[in-house]
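A.B. asks: Take a look at this one; I'll ask things after.
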Amino acid sequence: MVRTFVVRGLLLGLLAGLIAGGFAFAFGEPQVDAAIALEEAADGHSHGHGSEAEVSRPVQKAGLFLATGLYGVAVGGIFALVFAGLRGRVGPRSDGLLALAAAGTAFVAVILVPFLKYPANPPAVGDPETIDSRTFLYVVMVLVGLAAAAIAVATSRRVHAGPWPRWLASVVAFLLPVVAAWVLLPTVDEVPDGFPGTLLWEFRLASIGTQLVFWAAFGALFGWACDRAAQRGAAPVGAAAPG
């Protein structure tokens, strides 16, 4: 059964990754091009993004789908293993609903929580000398999001006062470590003077939108596949029943 889930996660992760790549190509790449143009205009020469780059922009754009596809495969495989461990233990009894709930939780914990503290930046934004510290802080926020999700699940399993108190306790248990991390961790603000605020906002929207499209597509596809497999498994039983 675990092998079935993993194969399903790999294939549907690839498909969701390609869907997210299409979104990123349509809504994210124009902002990247505009940011690169600003960077080159400010410096007076190319920094490896233009036609004379080691990897040209057309090749980079084509490689976007390869990157999102590989991302989908990796995430799909990991998700399938976690899903197999959660199945029958926590969350909805329906595999389809569990897949949607797990995908939504993963998006919030792994993507949204760190993004709200350290949002993505386009080219020309960010000091190259601080990339290591910024990466470390981002990873810390990802770990905080995962820990908060685990705490919320554990809290939900221990509260037996009804659905609403259980949901409220889970939300509070999730938010406490997240808000603490948001407050305690340092803020990173390396947007250069004069950088267009609209361009920065649109890039960040495209960035989080790409992740939202991926997780929504993957959760829906994985849940649909699980429900369809369950219906197929139940069909012979119904067919064998006396008429």
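A.B. asks: Which count do you get for residues in the range 175-213 that are without any contact (Cβ under 8 Å) to a residue 40 or more places away in the chain and more than 30 Å from Leu38 (Cα to Cα)?
C.D. replies: Going through the range 175-213 one residue at a time, the tally reaches 7.
A.B. asks: May I pose another question? Identify, from the list Ala230, Ala220, the residue that is buried (at least 16 other Cβ atoms within 10 Å of the Cβ), in contact (Cβ under 8 Å) with a residue 40 or more places away in the chain and within 28 Å of Tyr71 (Cα to Cα). Break it down into steps so the answer makes sense when it comes.
C.D. replies: On the way: Ala230 fails: buried (at least 16 other Cβ atoms within 10 Å of the Cβ).
Going through Ala230, Ala220 in turn, just one is buried (at least 16 other Cβ atoms within 10 Å of the Cβ), in contact (Cβ under 8 Å) with a residue 40 or more places away in the chain and within 28 Å of Tyr71 (Cα to Cα): Ala220.
A.B. asks: Right, something else. Got a number for residues in the range 133-168 being among the aliphatic types (A, V, I, L, M) and closer than 11 Å to Pro114 by Cα? Before the answer, list the steps.
C.D. replies: Pass one, the range 133-168, residues among the aliphatic types (A, V, I, L, M): 137, 139-144, 146-154, 159, 161, 168.
Now narrow it down to the ones that are closer than 11 Å to Pro114 by Cα: 137, 139-144, 146.
Total meeting the criteria: 8.
A.B. asks: Step by step: first the residues of the range 116-158, then only those that are of a type in the set (Gly, Ala, Ser) and under 30 Å from Asp33 (Cβ atoms), then the one that is modelled with the highest pLDDT. Which residue is that? Even if it seems obvious, please write down each step before you answer.
C.D. replies: Looking only at the range 116-158, we keep the residues that are of a type in the set (Gly, Ala, Ser), and these are 120, 124, 126, 133, 145, 147-150, 152, 154, 156.
From what is left, the residues that are under 30 Å from Asp33 (Cβ atoms) are 120, 124, 126, 133.
On the way: Ala120: 91, Ala124: 74, Gly126: 78, Ser133: 94.
Per the stated criteria, the residue is Ser133.
A.B. asks: Would you be able to say whether some residue in the range 197-211 is modelled with pLDDT under 90 and either more than 30 Å from Val125 (Cα to Cα) or surrounded by fewer than 17 Cβ atoms within 10 Å (Cβ to Cβ) (or both)? Walk me through it before giving the result.
C.D. replies: Filtering the range 197-211 down to residues modelled with pLDDT under 90 leaves 197.
From what's left, either more than 30 Å from Val125 (Cα to Cα) or surrounded by fewer than 17 Cβ atoms within 10 Å (Cβ to Cβ) (or both): 197.
Yes, some residue in the range 197-211 is modelled with pLDDT under 90 and either more than 30 Å from Val125 (Cα to Cα) or surrounded by fewer than 17 Cβ atoms within 10 Å (Cβ to Cβ) (or both).
A.B. asks: Another question, then. Looking only at the range 172-188, which residues are surrounded by fewer than 15 Cβ atoms within 10 Å (Cβ to Cβ) and of a type in the set (Val, Ile, Thr)?
C.D. replies: Residues satisfying the conditions are Val172, Val179, Val183, Thr187.
A.B. asks: Could you give every pair whose Cβ atoms fall below 6 Å, whose first residue belongs to the range 83-97 and is in the same structural domain as Ala154 (by TED's automatic domain parsing), and whose second residue is at pLDDT 90 or above and not basic (Lys, Arg), counting only separations of at least 6 or pairs across chains?
C.D. replies: The qualifying pairs do not exist here.
A.B. asks: Does Ile131 qualify as being of a type in the set (Val, Ile, Thr) and surrounded by 14 or more Cβ atoms within 10 Å (Cβ to Cβ)?
C.D. replies: Numbers: of a type in the set (Val, Ile, Thr): yes; surrounded by 14 or more Cβ atoms within 10 Å (Cβ to Cβ): no.
So Ile131 does not fit the description; no.
A.B. asks: Kindly check whether there is at least one residue in the range 44-61 that is at pLDDT 70 or above and buried (at least 17 other Cβ atoms within 10 Å of the Cβ).
C.D. replies: Going through the range 44-61, the residues at pLDDT 70 or above turn out to be 56-61.
Next cut, buried (at least 17 other Cβ atoms within 10 Å of the Cβ) only: none.
Within the range 44-61 (the criterion being at pLDDT 70 or above and buried (at least 17 other Cβ atoms within 10 Å of the Cβ)), the answer is no, since none of the residues qualifies.
A.B. asks: At pLDDT 90 or above, closer than 19 Å to Ala220 by Cα and not basic (Lys, Arg) - does that describe any residue in the range 25-32?
C.D. replies: no
A.B. asks: Checking Ala161 against (1) closer than 24 Å to Ile36 by Cα; (2) among the aliphatic types (A, V, I, L, M); (3) part of a loop (DSSP other than H, G, I, E, B); (4) out of contact with any Leu (no Cβ under 7 Å at 6 or more places or on another chain), which test does it fail?
C.D. replies: (1)
A.B. asks: Considering only residues that are of a type in the set (D, E, K, R) and outside any helix (DSSP H, G or I), look in the range 62-118 and name the one that is nearest to Gly21 (Cα to Cα).
C.D. replies: Step one: list which residues in the range 62-118 are of a type in the set (D, E, K, R), which gives 87, 89, 93, 95, 117.
Subsequent filtering for residues that are outside any helix (DSSP H, G or I) retains 87, 89, 93.
On the way: Arg87: 29, Arg89: 33, Arg93: 32 Å.
For the range 62-118, the residue satisfying everything is Arg87.
A.B. asks: Within the range 19-42, restricting attention to residues that are aliphatic (A, V, I, L, M) and under 14 Å from the mean Cα position of the chain (by Cα), which residue is surrounded by the most Cβ atoms within 10 Å (Cβ to Cβ)? Full working, then the answer.
C.D. replies: Residues of the range 19-42 that are aliphatic (A, V, I, L, M), as a first pass: 19-20, 24, 26, 32, 34-38, 41-42.
Narrowing further to those that are under 14 Å from the mean Cα position of the chain (by Cα): 19-20, 24.
Numbers: Ile19: 20, Ala20: 26, Ala24: 23.
The qualifying residue surrounded by the most Cβ atoms within 10 Å (Cβ to Cβ) is Ala20.
A.B. asks: Out of the range 158-171, which residues are over 22 Å from the mean Cα position of the chain (by Cα) and either free of Cβ contacts under 8 Å to residues at least 12 places away in the same chain or within 18 Å of Gly104 (Cβ to Cβ) (or both)?
C.D. replies: Arg158, Val159, His160, Ala161, Gly162, Pro163, Trp164, Pro165, Arg166, Trp167, Leu168
The values are calculated or read from the model by the stated rules, or taken from the named source; none is laboratory data. None of the values given here were measured: they were computed from a predicted structure. So basically every Cβ, Gly included, is an ideal-geometry build from the backbone, and we count neighbours across all protein chains shown.
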